[in-house]
Amino acid sequence: MAASLPEGYEEIGRWDLGQVRRRVILLLFVLSLVAMAVTANVAIAITYVASGVSSISLDLGSLALGLVGGLALHEAAHAVAFLALGARPRFGAKWGTRFGPVLYASAPGSYLGRTGYVVVGLAPAVGLTVVLLAVIALAPAGGLIGSAAFLAVILNVGGSAGDAMMMRTVLTYPADARFEDTADGFTVYGPAPAG
């Protein structure tokens, strides 16, 4: 749960988007493209199994809904996980990052345990992806909702590459660490050294 910081804890680390090297950004971009291609093929396969249609039609309406919906739902998935853990999410956007413009959900002033923070970080990649694939399976093939969900799930998975990179870093900290999510990344707290 997002309790207050335990007594005797102090800042032991900090991570933010500005620390990510260009070659890591390039690698994340490539991994995102691969993940997006795999997800698109899975979504098309689900559409085929559910309706016998082996293609997705995207018109202007489904493109707009999928783009806006995918980005908003990705951050909403983080927010739902924050709320479930007792944190109060805040939303925002940053335009001049090394990743380009980004939307974010953060929870300043909330201190999550490592496991809880990983749940928040992976909520879109796991939870939202499953929900959107279910929508694709259940929505009429070629309709606005199914087509928008198709684009949204691809964008969600692509955007989750950065989350996965962050969570990989989170797992390098001790199990008793606490994490405060910020607009730029996170701050890590742990027990102060004795003495």
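Nothing in this text is a laboratory measurement; each read-out follows from the coordinates by a stated rule. Since this is a predicted model, take the numbers as computed values, not measurements. Cβ coordinates were reconstructed from backbone atoms using ideal geometry, including for glycine residues, and neighbour counts include every protein chain displayed.
Values computed for the structure shown
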| item | result |
| --- | --- |
| Measure of compaction for region 31-189 (Cα Rg per 2.2 N^0.38 Å) | 1.10 |
| The chain - mean residue ellipticity at 222 nm from DSSP helices (-39,500 (n - 2.57) per run, n ≥ 4, rounded to 500) | -18000 deg cm²/dmol |
| About the Cα centre, charge dipole magnitude for the chain (Lys/Arg +1, Asp/Glu -1 at Cβ), debye | 380 |
| Whole-Hz ³J(HN,Hα) from phi, Karplus 6.51 cos²θ - 1.76 cosθ + 1.60, for region 121-132, glycine and proline x | x, 9, 3, x, 4, 9, x, 5, 4, 4, 4, 5 |
